[in-house]
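Working notes, structure below.
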Amino acid sequence: MRLRSFPALVLLAGLALPARGAELYGKPLRGLTPVSIAELNQKAAGYDGKTIQVRGTVASSGGAFALTEGAASLRVTMGTPGATLPSDAGGASAIAEGVFRAKGPGGGPALEATGLELTR
């Protein structure tokens, strides 16, 4: 019976790994259910202080950048010391997890990412 559970364990272990070709910045992602950026912008107060995951396209790069999803965008900063995106990350797909703030450093909604997976 133990051998039957081995394939399931291998499958589950693979789900925790970053996608092939993905670059990981900061801490490994925990696999939270993504929240749309549009919903975060509309219901910011309800998500304030919560750890969330967002997916989008990198609109700018450096120490602070934005993720876009359609017409919606969200400012993201890396909360892990020394974790910054490369300067050529613009246009890449990204998944970020961290603490959402209804009023971030620029006054609008922002995510302080603890981990980010970048796929080019």
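Which is within 20 Å of residue 23 (Cα to Cα) and either more than 15 Å from the chain's Cα centre (by Cα) or surrounded by 18 or more Cβ atoms within 10 Å (Cβ to Cβ) (or both), of 116, 74? Walk me through it before giving the result.
Working: 74 fails: within 20 Å of residue 23 (Cα to Cα).
Residue meeting the stated conditions: 116.
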Task: Counted residues, region 97-120 - those being among the aliphatic types (A, V, I, L, M), outside any strand (DSSP E or B) and out of contact with any Asp or Glu (no Cβ under 9 Å at 6 or more places or on another chain) - done: 0
Task: Cβ pairs under 8 Å, 6+ apart, first in region 106-117 and more than 13 Å from residue 65 (Cα to Cα), second β-branched (Val, Ile, Thr) and surrounded by 18 or more Cβ atoms within 10 Å (Cβ to Cβ) - done: 117/95
Open item on the list: Just checking, does region 37-49 include any residue being surrounded by 15 or more Cβ atoms within 10 Å (Cβ to Cβ), under 10 Å from the mean Cα position of the chain (by Cα) and touching a residue at least 40 places away in the same chain (Cβ under 8 Å)?
Closed with: no
TODO: Considering only residues that are surrounded by 18 or more Cβ atoms within 10 Å (Cβ to Cβ) and under 11 Å from the mean Cα position of the chain (by Cα), look in region 78-99 and name the one that is farthest from residue 42 (Cα to Cα).
DONE: 78
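No value in this document is a laboratory result; all are computed from the given coordinates. It should be emphasised that the depicted structure is a prediction, and the values quoted were computed from it without experimental measurement. With ideal geometry, Cβ positions are generated from the backbone for all residues, glycine too; neighbour counts draw on all protein chains shown.
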